[in-house]
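Colleague: Pasting a structure here, questions to come.
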Amino acid sequence: MNKEMRAVYAETLIELAEKNKNIVLLEADLMKANSTKIFKDRFPERTFDVGVAEANMVGIAAGLSATGKIPFAGSFGCFSARRAYDQFFIAANYAKLNVKLVGSFPGIAGALNGGTHMPFEDMGLMRNIPRLVVMEPCDGASLKRFMEIAASYKKSCYIRLHPRAVPAIYGEKESFEIGKGKLLKDGNDVTIIATGAVLVPEALKAHHMLAQEGISAAVIDMPTIKPIDEGLVVDYAKKTRAVVTCENHQIVNGLGSAVSEVLSEQFPTLLRRIGVNEEFGEVGTLEYLQQRYRLTADEIVTKAKEINNLKREYRS
C-alpha cells in the first residue's frame, strides 16, 4: 500500500528541516488532517499553529520569510486560496518573499467535508499572481521531489496537496523541474494532458482503453501549471493535432485554460477540457464525486474519441 501523500508531505518536511535550520511549519488548526503533528514532535520550536486564522498564518509566514526563514504554511485549499488570498498576494508575493503555501484536499478530495471545502478555483486564483509557481504533484515521489525543489526555490510557491494514498506513477529517483511536463505514454492520434493525483491515473487508464479501440493516445503529466511547459504542449499539439486536458478543478482558468492560452497563441489546435464545469462542490465519497463531476477515464475516452473524429472530419 502506498503512503498517504499527506504523510509524505510531513516526512519530507522533517527531512528538509533536518538539513536546513530555516525550514519552519505553519498550520491553521489542521495538523491532524495534514498529518504534520510528527513535525511538531520533532521540531516544536519551529512549528506555529495559529488556530483558525488562515490570513494571519500567511502574514506570519511572510514575516518569518523576511527574517530568512523558509516557511511552509498549510491549510485546506479552500482556506489557503480563498480566505488568505489577499495576504498571500500582498504580504508574500508583492513583497517578493519566500512563502510555500500548501492547499490540501483540493477539488473533490474534500469529499465528506462537503461543498464549502472543495476548492475548484484555487489554481485559477493562484495563476493570476505574477511570477508565482503553481504545482500539483500526482504521487508521493513527485510530491517529495517538488517539496525539495520548493525549499530551494527563492520565491513563493503554491502546492496543491492531495492527502490520500494514490498509485505510484514515478520511481523514487525520477527527476523533475519547475515548468517541465513529463511524457508518460507516447501516442500519435490524441494528446491527453493531465495534472494531479485524481486525473493522472485516470489519463493512464484512458490510454489503455483507447489503445483497445485502435486510438494511440499520448499522456502528459503537467505537475507545474504555472509556468507551464509550452514547448511540450506545442510539440504534441503538432504531432497529434488533438488535445484533451484533465484537471480536478474548474475548467475555467486552470490547466485547460493554461493549455488553451499556449495553443491559441502558438499553434491553434482542437481541444476538449475535462474538469468541473460551472458547479460548486457537494458531499460524497471520492469515488462518487469522480463520477458526479465526470473526472474519469471513461469521460477522457469519450472526449478523446470525439475530438479524434472531429480532426478526421476537418482533414477530409
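The values are calculated or read from the model by the stated rules, or taken from the named source; none is laboratory data. Keep in mind the model is a prediction, meaning the values are calculated, not measured. FYI the Cβ positions are ideal-geometry reconstructions off the backbone, even for glycines, and counts take in every protein chain you see.
Colleague: Are there any pairs, at least 6 apart or on different chains, whose C-beta atoms fall under 7 Å, with the first in the stretch 261-273 and at pLDDT 95 or above and the second part of a loop (DSSP other than H, G, I, E, B) and of a type in the set (A, V, I, L, M), and if so, which?
Modeller: Val262/Ile228; Arg273/Ile251
Colleague: Hey, among Ala17, Ala33, which residue is of a type outside the set (Asp, Glu) and within 21 Å of the chain's Cα centre (by Cα)?
Modeller: Ala33
Colleague: While we're on this one: Take Leu310 and decide whether it is touching a residue at least 60 places away in the same chain (Cβ under 8 Å), surrounded by fewer than 15 Cβ atoms within 10 Å (Cβ to Cβ) and in a helix (DSSP H, G or I).
Modeller: So Leu310 fits the description; yes.
Colleague: Consider the stretch 124-160. How many of its residues are in a loop (DSSP other than H, G, I, E, B) and either surrounded by fewer than 22 Cβ atoms within 10 Å (Cβ to Cβ) or modelled with pLDDT under 95 (or both)?
Modeller: 8
Colleague: Determine the pairs where a residue that is under 18 Å from Lys32 (Cβ atoms) and in the same structural domain as Val24 (by TED's automatic domain parsing), located within the stretch 101-115, has a partner that is acidic (Asp, Glu) and surrounded by 20 or more Cβ atoms within 10 Å (Cβ to Cβ) with Cβ atoms under 6 Å apart, the partner being 6 or more residues away or on another chain.
Modeller: Listed by first residue and then by second, the contacts come to Gly103/Asp122.
Colleague: Something else now. Any chance you could count how many residues in the stretch 247-260 are touching a Gly at 6+ places or on another chain (Cβ under 7 Å) and touching a residue at least 24 places away in the same chain (Cβ under 8 Å)?
Modeller: Residues meeting the conditions: 8.
Colleague: Quick one: Glu287 ticks every box in (1) surrounded by fewer than 17 Cβ atoms within 10 Å (Cβ to Cβ); (2) of a type outside the set (Phe, Trp, Tyr); (3) over 18 Å from the mean Cα position of the chain (by Cα); (4) more than 30 Å from His117 (Cβ to Cβ) except a single one, so which number is it?
Modeller: (4) is the only condition that Glu287 fails.
Colleague: Restricting to the stretch 211-251, and then to whatever is within 19 Å of Tyr293 (Cβ to Cβ) and in contact with a Phe, Trp or Tyr (Cβ under 9 Å, 6 or more places away or on another chain), can you tell me which residue is surrounded by the fewest Cβ atoms within 10 Å (Cβ to Cβ)?
Modeller: Among those that are within 19 Å of Tyr293 (Cβ to Cβ) and in contact with a Phe, Trp or Tyr (Cβ under 9 Å, 6 or more places away or on another chain), it is Gln250.
Colleague: Restricting the search to the stretch 63-73, which residues are crowded, with 22+ Cβ neighbours inside 10 Å and among the aliphatic types (A, V, I, L, M)?
Modeller: Ile70, Ala73
Colleague: Right, here's the next one. Report every pair of residues separated by at least 6 positions or lying on different chains whose Cβ atoms are under 9 Å apart, first residue within the stretch 131-160 and on the phi > 0 side of the Ramachandran plot, second assigned to a helix (DSSP H, G or I) and modelled with pLDDT of 95 or more.
Modeller: Here the result reads Arg131/Asn93, each pair linking the stretch 131-160 to a residue that is assigned to a helix (DSSP H, G or I) and modelled with pLDDT of 95 or more.
Colleague: Kindly indicate whether any position in the stretch 37-52 is free of Cβ contacts under 8 Å to residues at least 40 places away in the same chain, among the hydroxyl-bearing types (Ser, Thr, Tyr), outside any helix (DSSP H, G or I) and out of contact with any His (no Cβ under 7 Å at 6 or more places or on another chain).
Modeller: Yes, some residue in the stretch 37-52 is free of Cβ contacts under 8 Å to residues at least 40 places away in the same chain, among the hydroxyl-bearing types (Ser, Thr, Tyr), outside any helix (DSSP H, G or I) and out of contact with any His (no Cβ under 7 Å at 6 or more places or on another chain).
Colleague: Give the residue, chosen from Glu172, Glu148, that is outside the structural domain of Ile108 (by TED's automatic domain parsing) and more than 22 Å from Glu230 (Cβ to Cβ).
Modeller: It is Glu172.
Colleague: Still on this structure, please answer the following. Inside the stretch 235-267, can you point out the residues that are more than 28 Å from Ala109 (Cα to Cα) and touching a Ser or Thr at 6+ places or on another chain (Cβ under 9 Å)?
Modeller: Correct list: Tyr236, Ala237, Lys238, Lys239, Thr240, Arg241, Ala242, Leu263.
Colleague: Now for a different question. Among Val190, Val198, which is the only one that is closer than 25 Å to Lys3 by Cβ and touching a residue at least 24 places away in the same chain (Cβ under 8 Å)?
Modeller: Of Val190, Val198, the one residue that is closer than 25 Å to Lys3 by Cβ and touching a residue at least 24 places away in the same chain (Cβ under 8 Å) is Val198.
Colleague: Tell me, yes or no, whether the stretch 191-210 has at least one residue that is crowded, with 22+ Cβ neighbours inside 10 Å, of a type in the set (Ser, Thr, Tyr) and under 22 Å from the mean Cα position of the chain (by Cα).
Modeller: Among the residues of the stretch 191-210, at least one is crowded, with 22+ Cβ neighbours inside 10 Å, of a type in the set (Ser, Thr, Tyr) and under 22 Å from the mean Cα position of the chain (by Cα), which makes the answer yes.
Colleague: Residues to consider are Val276, Val301; find the one that is in the same structural domain as His249 (by TED's automatic domain parsing), buried (at least 20 other Cβ atoms within 10 Å of the Cβ) and touching a Phe, Trp or Tyr at 6+ places or on another chain (Cβ under 6 Å).
Modeller: Selected residue: Val276, the only one of Val276, Val301 that is in the same structural domain as His249 (by TED's automatic domain parsing), buried (at least 20 other Cβ atoms within 10 Å of the Cβ) and touching a Phe, Trp or Tyr at 6+ places or on another chain (Cβ under 6 Å).
Colleague: Mind listing whichever residues of the stretch 85-103 are farther than 13 Å from Ile60 by Cα and either in a strand (DSSP E or B) or β-branched (Val, Ile, Thr) (or both)?
Modeller: Val102, Gly103
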